[in-house]
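The values are calculated or read from the model by the stated rules, or taken from the named source; none is laboratory data. The structure displayed is predicted, hence computed values, not measured ones. Positions of Cβ are backbone-derived with ideal geometry, glycine not excepted, and every protein chain shown enters the neighbour counts.
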Amino acid sequence: MPKVTIDGHEMEVAPGTTILQACLSRGHEIPHYCYHDGLSIAGNCRMCLVDVEKQPKLVIGCYTPVADGMVVHTENEKVKKARAAMMEFFLINHPLDCPICDQAGECRLQEYAVEHGTGVSRYTEPKLALAKAVDIGAHVTLDQERCIQCSRCIRFCDEITKTGELGFFQRGERSQIGIFPGKRLDNPYSGNVVDLCPVGALTLKEFRFQTRVWYLRNTSTICAGCARGCNVVVGVGQQQTMMTTSGQIDDRIKRIVPRVNTEVNDWWICDEGRLTYLREQGSRRLVTSVVSGSAATYDAAVAKAAELLAAAGKAGTLGAIVSPRLVSEDVFAWKTALDALGGGPIHVHELTRGEDDDLLIRADKGANSTGAAWIAGKGKAPVAAKTLLVLGDTLDAADNPGVPAGTEIVYVGPFVMGASREAAVAIPSASWSEAGGTFVNFQGRAQRVRRCHLPVGEARPSWRIALDVLAAAGAVAPAWSSEDDVLAALAAKVPEFSGITTESLGLLGVPARGTVGA
Amino acid sequence: MPAERILTRNVGRPDSTALASYEANGGYQALRKAVGSMTPDGLTEEVKKSGLRGRGGAGFPTGLKWSFMPKEVDPKRPHYFLINADESEPGTFKDRLLMEKDPHLVLEGTLLGAYAIRASVAYIYIRGEFVHATQVLERAIEEAVAKRYAGKNILGGAWSCELVVHRGAGAYICGEETALMSSLEGDRGYPRLKPPFPAASGVWKCPTTINNVETVANVPFIVERGADWFQSVGKAPKNTGPKLYCLSGHVRRPGVYEAPLGLPMKELIHELGGGMLHADRPLKAVIPGGSSVPVLRADECDVDLDFDSLMAKGTMLGSAGIMVMDASTCMVAAMARIAHFYYHESCGQCTPCREGCGWLERILNRIEGGKGLQQDLDLLLSISDNIMGNTICALGDAAAMPTISFVKKFRDEFQHHVDHKSCLTGTLALQGVR
């Protein structure tokens, strides 16, 4: 292993490691724009110039592999001068329109200008005036003035989606990122270019002008869009709405961005997953309980549900349909409840659309199909059931399970849709982003879903409703007070989950036992 | 006594582009000799011994460059020989002469290089504007293929080498060797990060060697007459062989002149070039190697035109584009024009060059237009210093080097522009000559 000295620290690194990576491995970031772990190396931004002893010129840290005996300086005067020079070059034609730029607050130009710039520009010439707000695709807007030409977006479309919509046009100072004639940036992963863009040149239409990023409360969780289970960060608006005097906090999801997990989604997410929150926000939420078509108190609805389920359980006419988007804790709690009430077939509803692609997207839209099936078993559709518990979380009418006319329905779910409309009892439950739990993705990887914001209306986690129904039916309900408790019971009961704890899941999840040797 | 014309021996002969004419003057004998009696490595060794250095600008030893190529050809990774005929450096027009007037010499040199590096295809990447040269070369290739000098089973032997002329689309940057490769592959002409160097991974990721037109034109003579002869021309051991000098500017007879490396600049200007254009306007400055290299003041012009002599003067032989400027020249205007070229030709890939070249140009235009500020002079130096050495290829340096030298060596003229919003009193530019 090559031994290298970086800023006086001697370290051993694997052969082929670049100076930039070696620095990162000890927590020291060399400033960079064009370099990205998930893309090929362009080496053109020149921000990561470092000084290697015995080299006549500064070298770029992103491309230069460490060699045995190499002595690198990343913070000496020569390097600092070059960095300040690069910052000055980056900014001479940059519009500095931070006050109206969505990137402000998480902009590498801002960050590095503060850290490595001189604070003043010697540029007194007119700045280049280029196109603003260019519509280049369904979700992405381009500001050519803000672009620093790092080429990350181009490389993403060339190397990851292999769709090649973007390119450089013109040359020199006049060179610009652009879309090839006749093309649109409409590939299913287009939003990633916005995350990749280190500045505010590429912005997401759905996020533009929605909030300043420093008002976001960010939560690391798992996308519920399909069985991939991409690791994401959900940003929830915390800004007090200015149009009202109520002082209410927005508390709605403003955006979803990918979180690196090389076992699952690398650095990316698909556009559909990125925008799931919009579909949810656009759907009618069930906010109060309903009994026989009229609003009811939660307690009344729970009592009614308990009555109907217990009676059917006793009569052997009970069945259940479970959404594959429900967290494992919810499925387990309801399975526990149903067993106590006499049992019946539990069917995990299948949600499939389209086909698997060769990047991330899965045809199976059930974020927890695997986990739900491990808990509930592979029950057939309960067509014979006279009373049906529908644990719904489905959005599209087409995704809704067909229920024979005349079936008595107890619906527990977040949305007013499908089965909820004809339900004898409907109880609102928290949506995916409003409660915590565990998803198991198609690989059998268990991952932690975290609560990003409070449930709307009277909605509450589905597993809590299961406990309340059990208690109302006069059965002994387990003494679970958090989803961690449910997970502990689940891990003790269902072998595939054994050993899994909230702690073991961490931020990146773990392969569940059910996948060992699979 | 004028030196023997070697590289230009056919220039001016009747029908000089025709194969028959070339053969009649001993053409393709070197190729016959090499293919018949020399191994590729033997040829490379001979070129190494000759001391031939690249004529494109950097002066890298040619034989050494060839020796970096793998000694055996992996059938999956054929060797490519590239000829850089994208002659675009301002003040340079020697390769064009060779291609237009003696295409078979260029082809024979190309074939010899290809043989030495075991290439099966040689591309001549030619500047798009050279339409006539392209036509001449293409006709010459047809003739050469017909007589088995090129193409399949050259001279009846086992070695085959296809010759292809590829026209550029009008970008100076495509004369940079790795940008040329990108362009040849059909991509934007962006210079590539090194390593890998072309011999390891060049065009289409295959082992590649790239040489300038004039460089390979020397090779037939090295083969024919031997490395020792080559060493006897010019200034042994490191500045050997004949050289084409492109003389332009304020001289009476601008043009391409051949002389052994090490020709005194004064001799080029005053004897070959016929002296200054106007007898009453003395020499002010000379750019000795194309617009990218540092300028020399008149008092620095007592120098031999070869790689090392010019290096010792802090400048470069470059592409041997010698641009002569007399007392009427406004150095601010000249520099602004040069800066405009690099601003226009920067590929835009690296930040310092992309942003810096435009910045330099704007400042220089401002100073020239009488709107210069006192801080501009040091700013020009600082921007140039910030570009220098900080980019993937040398285009940034090519913009910075002349700027630094012009401002440092002719600071009084720049200062005068700032102070008086006009040219230095006494330059003829003031009197409307420019």
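Among the residues that make up segment B:143-151, is at least one of them in contact (Cβ under 8 Å) with a residue 60 or more places away in the chain, assigned by TED's automatic domain parsing to the domain that holds B:ARG96 and under 25 Å from the mean Cα position of the chain (by Cα)?
First pass over segment B:143-151, keeping only residues in contact (Cβ under 8 Å) with a residue 60 or more places away in the chain: B:143-144, B:147, B:149.
With the extra rule that they be assigned by TED's automatic domain parsing to the domain that holds B:ARG96, the set shrinks to B:143-144, B:147, B:149.
So of that shortlist, the ones also under 25 Å from the mean Cα position of the chain (by Cα) come out as none.
Within segment B:143-151 (the criterion being in contact (Cβ under 8 Å) with a residue 60 or more places away in the chain, assigned by TED's automatic domain parsing to the domain that holds B:ARG96 and under 25 Å from the mean Cα position of the chain (by Cα)), the answer is no, since none of the residues qualifies.
Regarding A:SER40, is this residue among the hydroxyl-bearing types (Ser, Thr, Tyr), loosely packed, with under 13 Cβ neighbours inside 10 Å and more than 10 Å from every other protein chain (Cβ to nearest Cβ)? So A:SER40 fits the description; yes.
Evaluating A:GLU350 against the criteria (1) under 32 Å from the mean Cα position of the chain (by Cα); (2) surrounded by fewer than 19 Cβ atoms within 10 Å (Cβ to Cβ); (3) more than 30 Å from A:ASN192 (Cα to Cα) leaves one unmet condition, (3). The residues of segment A:61-82 that are more than 8 Å from chain B (Cβ to nearest Cβ), touching a helix residue (DSSP H, G or I) at 6+ places or on another chain (Cβ under 9 Å) and of a type in the set (A, V, I, L, M), listed by number, are A:VAL66, A:MET70, A:VAL72.
Filtering segment A:171-181 for residues that are buried (at least 17 other Cβ atoms within 10 Å of the Cβ), of a type outside the set (Ser, Thr, Tyr) and at positive phi leaves a non-empty set.
Confirm whether B:ALA122 is free of Cβ contacts under 8 Å to residues at least 60 places away in the same chain, small (Gly, Ala, Ser) and buried (at least 21 other Cβ atoms within 10 Å of the Cβ).
Values: free of Cβ contacts under 8 Å to residues at least 60 places away in the same chain: yes; small (Gly, Ala, Ser): yes; buried (at least 21 other Cβ atoms within 10 Å of the Cβ): yes.
The answer is yes for B:ALA122.
Return the residues of segment A:30-60 that are part of a loop (DSSP other than H, G, I, E, B), touching a residue at least 24 places away in the same chain (Cβ under 8 Å) and more than 17 Å from A:GLN149 (Cα to Cα); say none if nothing qualifies. Talk me through it step by step, then tell me what you get.
First, pick out the residues of segment A:30-60 that are part of a loop (DSSP other than H, G, I, E, B): A:30-48, A:53-58.
Now drop any that are not touching a residue at least 24 places away in the same chain (Cβ under 8 Å), which leaves A:30-40, A:42, A:44-48, A:58.
Answer for segment A:30-60, where residues must be part of a loop (DSSP other than H, G, I, E, B), touching a residue at least 24 places away in the same chain (Cβ under 8 Å) and more than 17 Å from A:GLN149 (Cα to Cα): A:ILE30, A:ASP37, A:GLY38, A:LEU58.
Just one of the listed residues (A:SER289, A:SER369, A:SER323) is surrounded by 18 or more Cβ atoms within 10 Å (Cβ to Cβ) and closer than 18 Å to A:LEU470 by Cβ, and it is A:SER289. Quick check: is even one residue across segment A:234-254 loosely packed, with under 14 Cβ neighbours inside 10 Å and either basic (Lys, Arg) or touching a residue at least 24 places away in the same chain (Cβ under 8 Å) (or both)? No - not one qualifying residue is present in segment A:234-254.
Quickly run through segment B:337-365 and pick out the residues that are away from chain A (no Cβ under 14 Å) and in contact with a helix residue (DSSP H, G or I) (Cβ under 7 Å, 6 or more places away or on another chain).
Initial filter on segment B:337-365 (away from chain A (no Cβ under 14 Å)): B:337-338.
The answer is B:ILE338, and nothing else.
Scoring B:GLU87 on the criteria (1) among the acidic types (Asp, Glu); (2) surrounded by fewer than 24 Cβ atoms within 10 Å (Cβ to Cβ); (3) in a loop (DSSP other than H, G, I, E, B); (4) touching a helix residue (DSSP H, G or I) at 6+ places or on another chain (Cβ under 7 Å) leaves a single failure, condition (2).
Rundown of residues vs (1) among the small types (Gly, Ala, Ser); (2) over 23 Å from the mean Cα position of the chain (by Cα); (3) part of a helix (DSSP H, G or I), yes/no style:
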position	(1), (2), (3)
A:VAL469	no, yes, yes
A:GLY474	yes, yes, no
A:ALA477	yes, yes, no
A:ALA488	yes, yes, yes
A:ALA492	yes, yes, yes
A:ILE500	no, no, no
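How about segment A:1-27: which of its residues are in a loop (DSSP other than H, G, I, E, B), in contact with a strand residue (DSSP E or B) (Cβ under 8 Å, 6 or more places away or on another chain) and of a type outside the set (A, V, I, L, M)?
Quick first cut of segment A:1-27, residues in a loop (DSSP other than H, G, I, E, B) only: A:1-2, A:7-8, A:13-17, A:26-27.
The next check asks that each one be in contact with a strand residue (DSSP E or B) (Cβ under 8 Å, 6 or more places away or on another chain); those that pass are A:1-2, A:7, A:13, A:15-17, A:26.
A:PRO2, A:ASP7, A:PRO15, A:GLY16, A:THR17, A:ARG26, listed by residue number.
Residue-level analysis places B:LYS238 among those that are within 27 Å of B:GLY290 (Cα to Cα) and more than 14 Å from chain A (Cβ to nearest Cβ). Could we say that B:GLY396 is at pLDDT 95 or above and at the interface with chain A (Cβ under 8 Å from one of its Cβ atoms) here? Answer is no for this residue. Strands (runs of 3 or more DSSP E) fully within segment B:215-316 that include at least 2 residues being outside the structural domain of B:LEU31 (by TED's automatic domain parsing) and among the hydroxyl-bearing types (Ser, Thr, Tyr): B:242-249.
Filtering segment A:100-108 for residues that are assigned to a helix (DSSP H, G or I), within 35 Å of the chain's Cα centre (by Cα) and closer than 19 Å to A:TYR35 by Cβ leaves a non-empty set.
For segment A:282-319, name all the residues that are of a type outside the set (A, V, I, L, M, F, W, C) and farther than 18 Å from A:GLU408 by Cα. Hits for segment A:282-319 are A:GLY282, A:SER283, A:ARG284, A:ARG285, A:THR288, A:THR297, A:TYR298, A:ASP299.
Among all positions in segment A:83-93, there is no residue which is surrounded by fewer than 20 Cβ atoms within 10 Å (Cβ to Cβ), within 14 Å of another protein chain (Cβ to nearest Cβ) and farther than 20 Å from B:SER384 by Cα. Given the condition surrounded by 16 or more Cβ atoms within 10 Å (Cβ to Cβ), within 12 Å of chain B (Cβ to nearest Cβ) and either among the small types (Gly, Ala, Ser) or under 29 Å from A:ILE177 (Cβ atoms) (or both), answer yes or no: does some residue in segment A:52-59 qualify? The answer is yes; a qualifying residue exists. Taken over segment B:329-349, the criterion of being of a type in the set (Gly, Ala, Ser), farther than 30 Å from B:ASN239 by Cβ and crowded, with 21+ Cβ neighbours inside 10 Å is satisfied by B:ALA336, B:ALA339, B:SER346, B:GLY348.
Residue-by-condition table, conditions (1) touching a Pro at 6+ places or on another chain (Cβ under 8 Å); (2) over 26 Å from B:LEU193 (Cβ atoms):
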{"position": "B:ILE322", "(1), (2)": "yes, yes"}
{"position": "B:ASP326", "(1), (2)": "yes, yes"}
{"position": "B:CYS347", "(1), (2)": "yes, no"}
{"position": "B:GLU361", "(1), (2)": "no, yes"}
{"position": "B:GLY372", "(1), (2)": "no, yes"}
{"position": "B:ASP376", "(1), (2)": "no, yes"}
{"position": "B:SER382", "(1), (2)": "no, yes"}
{"position": "B:ILE392", "(1), (2)": "yes, no"}
{"position": "B:PHE414", "(1), (2)": "no, yes"}
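Does A:GLY119 satisfy being part of a loop (DSSP other than H, G, I, E, B), at pLDDT 95 or above, surrounded by fewer than 18 Cβ atoms within 10 Å (Cβ to Cβ) and not aromatic (Phe, Trp, Tyr)? Walk me through it before giving the result.
Working: part of a loop (DSSP other than H, G, I, E, B): yes; at pLDDT 95 or above: no; surrounded by fewer than 18 Cβ atoms within 10 Å (Cβ to Cβ): yes; not aromatic (Phe, Trp, Tyr): yes.
For A:GLY119, the condition - part of a loop (DSSP other than H, G, I, E, B), at pLDDT 95 or above, surrounded by fewer than 18 Cβ atoms within 10 Å (Cβ to Cβ) and not aromatic (Phe, Trp, Tyr) - is not met.
Within segment A:426-438, residues that are more than 11 Å from A:ALA224 (Cβ to Cβ) and touching a residue at least 60 places away in the same chain (Cβ under 8 Å) reach partners that are surrounded by 24 or more Cβ atoms within 10 Å (Cβ to Cβ) and of a type in the set (D, E, K, R) with beta carbons closer than 6 Å, at six or more positions or on different chains, in the pairs A:GLY436/A:GLU483.
Considering segment A:143-173 alone, what residues qualify as being without any contact (Cβ under 8 Å) to a residue 40 or more places away in the chain and within 14 Å of chain B (Cβ to nearest Cβ)? Outline the logic, then answer.
Looking only at segment A:143-173, we keep the residues that are without any contact (Cβ under 8 Å) to a residue 40 or more places away in the chain, and these are A:154, A:157-158, A:162-172.
Result: A:ILE154, A:ASP158, A:GLY164, A:LEU166, A:GLY167, A:PHE168, A:PHE169, A:GLN170, A:ARG171, A:GLY172.
Tell me, which residue of segment B:366-375 that is within 9 Å of another protein chain (Cβ to nearest Cβ) and assigned to a helix (DSSP H, G or I) is surrounded by the most Cβ atoms within 10 Å (Cβ to Cβ)? This residue is B:ARG366.
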